[in-house]
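Each remark here refers to the structure printed beneath this line.
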Amino acid sequence: MNLLQVLSLVLLVVILILAVWRHVNIGLLGFSATAVLVMASAKIADSSATGMVLSSKEVLHHFPGAIVTLLIGVSLLFSHLEKSGGLSWFTNKIYAKMGHYTHVVPWIGYFIGFAISTAGAFSTASITLLVPVIAALGRKHPRLFFICEMAAIIGANTGALSPINPTGQVILKAAKDAQVEYNPWLVWLLGTVISILFVIALQIVFHEKRVVDTDNTDKPVKGFLLLKPIKQEICDTHQLQPFYAICSTIGVLIFLLLVVFAKANVGLTALTLAVVLMLFFPKNSKDFVKKIPWNAVVVISGLLVLINTMIQIDTMKAVEHGLLSLTSSKIALLFMLAYLTTFLSNVESSTLGVISMMIPMVFTIFGESPQISLIIMACAAPAMLSVVNPIHIAGTLVVSVTDEKQQETMFKRLLIIAFSTVPILPGLAMIVPALMM
């Protein structure tokens, strides 16, 4: 590993620490870290015979225009549904039907997202559809807001292991290239079991009876960050406007159909439909630019520029080769791959990209193992759960729909949960295949 690659890893760790400690937008820190890499690359290249020189023009090519468009478009489209009062009306009906069975509510979003992704929709599209809707549901029951969002996101990302989903297709292609056969639906099923157990565990930890509301107490109540309530704005001033609500609903349905069945671009489709509604309802669309989660846009943009720059200088490949050269033990390599995949999924916002990078290595090392389906599941499933990290689109969206005063707490909570999966979930998932080797 060269000096520039070591520096990029150090900078990544530093900005994660500073974001939590000094409360600075991690996207801004990402841009700053990238600038340091650009300047350092010139110095390092001058002082050694080898080394890559980065330019500002090169690293800015990594700016995630498609993802920024996605965040803006989806936010604006669902703002119409919310402003029309249709979303409030819908949530009231849902909760009226659910009655007191609040323990069932989180699973609604889980299975909707899971079904859409299993049917072939890219998980990012499923998540961007569900997060705003689940946020509206959470306003009625603030103590359920967090677990509802987590369940929906986990369900949508787990469904991506389906062999008809782009992520499942990547795994199938890697297997075909390595001339390895495995049962893709078994991987999907085993991943589903792990995600269901994970949601159940989260539901136990964040059960509404365990969340202590401290708003009405004179003295602060001791408690962990994980168990402090994160509330949405309960006050809803939007009155139902039937025609506007119907048009907004039709717009969302058209968006869903085009994204799921016509494979249309998520961001551009949402943005186009949102603008069409603005043209028809100009009085209701005033100040809609404020609805765009600019904080989330900065977070995603800065981090992806940094991460993609690290990929450009082969930092991730250097880490992989270094770990794989440490031992010839198949079981040790198995655990290394599982932990590395989960870790990279935490720090790299594209889970699909991480899977594309790591799974071919799995087939190369373990392609002849009769437990290959279990091994794939144990490597991929924990990585799919890492999407709750606030540096991912899903986590960023959850932060963006959280009340502004609570966004810092939400960011920390998501970060704690995401990184707690690194030391725990891969090891648990690997127990069975390791014993059978």
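Assorted remarks:
- Here the condition is being open to solvent by less than 10 Å² (accessible area, probe 1.4 Å), in contact (Cβ under 8 Å) with a residue 12 or more places away in the chain and among the small types (Gly, Ala, Ser); of Ala394, Ala434, it holds for Ala394 alone.
Table: residues versus (1) in contact (Cβ under 8 Å) with a residue 40 or more places away in the chain; (2) in contact with a strand residue (DSSP E or B) (Cβ under 7 Å, 6 or more places away or on another chain); (3) within 27 Å of Phe122 (Cβ to Cβ); (4) open to solvent by 30 Å² or more (accessible area, probe 1.4 Å).
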residue	(1), (2), (3), (4)
Val354	no, no, yes, no
Ser369	yes, no, no, no
Arg413	yes, no, yes, no
Ile424	no, no, no, yes
Ala429	yes, no, yes, no
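- Some residue of the stretch 47-69 being of a type in the set (Lys, Arg), more than 24 Å from the chain's Cα centre (by Cα), modelled with pLDDT under 80 and part of a helix (DSSP H, G or I): no
- Pick from the stretch 371-391, criterion touching a Gly at 6+ places or on another chain (Cβ under 7 Å) and not β-branched (Val, Ile, Thr), ranking: surrounded by the most Cβ atoms within 10 Å (Cβ to Cβ): Ala380
- Filter pass, Val362 being farther than 14 Å from Asn346 by Cβ, open to solvent by less than 10 Å² (accessible area, probe 1.4 Å) and either in contact with a Lys or Arg (Cβ under 9 Å, 6 or more places away or on another chain) or among the β-branched types (Val, Ile, Thr) (or both): yes
- Residue count for the stretch 170-194 under the criterion of being open to solvent by less than 80 Å² (accessible area, probe 1.4 Å), over 16 Å from Ala338 (Cβ atoms) and assigned to a helix (DSSP H, G or I): the result is 9.
- The selection criterion, being modelled with pLDDT of 90 or more and either closer than 30 Å to Ala35 by Cα or open to solvent by 20 Å² or more (accessible area, probe 1.4 Å) (or both), does not hold for Phe261.
- Residue pairs meeting the criteria (Cβ under 8 Å; at least 6 apart or on separate chains; first under 20 Å from Ser400 (Cβ atoms), in the stretch 76-98; second at pLDDT 75 or above and of a type in the set (Asp, Glu)): Ser88/Glu82
- Residue within the stretch 142-158 that is outside any helix (DSSP H, G or I) and either free of Cβ contacts under 8 Å to residues at least 12 places away in the same chain or open to solvent by less than 10 Å² (accessible area, probe 1.4 Å) (or both) present: no
- Only one of the listed residues (Phe280, Phe335, Phe343, Phe288) is open to solvent by 50 Å² or more (accessible area, probe 1.4 Å) and closer than 30 Å to Leu77 by Cα. That residue is Phe280.
- Conditions (1) at pLDDT below 80; (2) under 20 Å from Ile194 (Cα atoms); (3) open to solvent by 10 Å² or more (accessible area, probe 1.4 Å): number failed by Ser126: (3)
- The listed residue being more than 20 Å from Met377 (Cα to Cα), modelled with pLDDT under 80, among the β-branched types (Val, Ile, Thr) and over 12 Å from the mean Cα position of the chain (by Cα), out of Val105, Val133: Val133
- Where helices (runs of 4 or more DSSP H) sit wholly within the stretch 264-367, those with at least 2 residues that are of a type outside the set (A, V, I, L, M), within 27 Å of Val388 (Cβ to Cβ) and at pLDDT below 85 occupy 294-312, 315-324, 330-347, 351-366.
The values are calculated or read from the model by the stated rules, or taken from the named source; none is laboratory data. For clarity, every value in this text was computed on a predicted model and none was experimentally measured. Glycine gets a Cβ as well: all are built from the backbone with ideal geometry, and neighbour counts include every protein chain shown. Only protein heavy atoms, including side chains, enter the accessible area calculation; ligands, DNA and RNA are left aside. Shrake-Rupley method; radii C 1.70, N 1.55, O 1.52, S 1.80 Å.
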